[in-house]
Amino acid sequence: MRRNLPPLRSVRPPGRILPLLPALALLGWLFYGALGLSVLRSSGAVPGGDGQGQMLAAWRAVAGDPQVWRSALVSLWIAGASTLAAAVLALGIVLHLRRAPAGRGVLVALMRLNLTVPHLVGAAGMLMLWAQSGLAARLAHAMGLVGAPASFPALVWDPWAIGIILVYVWKEAPFIALVLLAQSAPADLDREDAARMLGASPLQVLRHVTLPALAPGLAAAAAIVFAFAFGAYEVPLMLGASDPVALPVLAWQRFTDPDLALRPQAMVLALMVAGLSAGAIGVHLGAVRRLREF
């Protein structure tokens, strides 16, 4: 009797998956274990919380704290402004480089080199160069452009987080540009040439041909940048104003506070950061899916 065998393409050799299982199990344990412990501690279900065993007390305290919502607005402003500025700058770079002008290799190499520089190094450079006591302020005073170094425009520790945004734009614009350059294909240039031959203006080509081709990659890279800028704390900690602070910085402050009763609130804030970042990525992925279908 003949047996119906599954097609060969549906048979997956277990040897390809088995070597990955230990690493996947370790990563899953570290991520989901830490996430689950944070949820339990934030709810007061395990020791290490407020010591009173009051379920969800930390969530109620955070929800009624105006400082938390001011910090959330600061983080949204930093992430949104950084992502928008980096995306626009990267798009301009890519539009300039797609036709392979002279010096493209050098500029691409510089952008790749920029990716290896840690964010903290960029923040330290921003602090030394552009603070009111930094090199730029002293040079401006020596040249007579400002009356005193303290009169130099405040770019760090300012309420608009200009220094933080500049660091993120400097770091993330090359990342987005490299993603777009990797996505760009010769067929896209051929379609642009065909549109010009049919009488389309440069603005029409940009709007109806170039941007739709780059939009999925731009949206995906922007989602990564937004999630990172919203959840990172080291640059806002170094360059941000003392009040209000970014939401990740507030979580770090309450986690390291000597008052252990604030530890569950720090867990709640960390979960808020993770949830908002995941939500932003979900929205962007949905936009990418719609753009690709369109």
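Coordinate-derived values only; no laboratory data. The model shown is predicted, which means the values in this text are computed figures rather than measured ones. No Cβ is skipped: glycine too gets one built from the backbone with ideal geometry, and neighbour counts run over all protein chains shown.
Once a ≥ b ≥ c are taken as the square roots of the eigenvalues of the Cα gyration tensor of the range 70-293, is the result rounded (a/c under 1.5), prolate (a/b larger than b/c) or oblate (a/b not larger than b/c)?
Verdict is oblate for the range 70-293.
Determine the calculated [θ] at 222 nm for the chain from helices alone, applying -39500 (n - 2.57) to every DSSP H run no shorter than 4 residues and normalising by the residue count; nearest 500 deg cm²/dmol.
-22000 deg cm²/dmol
Take A150 and V88, extend 7 Å from each Cα along the Cα→Cβ direction, and tell me the distance between the two endpoints in nm.
3.4
Report ³J(HN,Hα) in whole Hz for each residue of the range 81-87, in order, from the Karplus equation J = 6.51 cos²θ - 1.76 cosθ + 1.60 where θ = phi - 60°; Gly and Pro get x.
5, 5, 5, 5, 5, 5, 5
Return, for the Cα atoms of the range 131-182, the radius of gyration and Dmax in Å, separated by a comma.
Every Cα atom of the range 131-182 included, Rg and Dmax give 15.2, 48 Å.
Starting from the Cα-Cα distance between I281 and L56, subtract it from 0.36 nm times their residue separation and give me the gain in nm to one decimal.
Extra length from I281 to L56 when fully extended: 78.3 nm.
What is the magnitude of the charge dipole of the chain about its Cα centre, with +1 placed on the Cβ of each Lys and Arg, -1 on the Cβ of each Asp and Glu, and no other charges, expressed in debye to the nearest 20?
Roughly 1320 debye for the chain.
What's the FRET efficiency of L206 with R289 using the Cβ-Cβ distance as r and R₀ = 25 Å, to the nearest 0.05?
So, using R0 = 25 Å, E works out to roughly 0.60.
With a cut-off of 8 Å between alpha carbons and a minimum separation of six or more residues, what is the relative contact order of the chain in percent?
26
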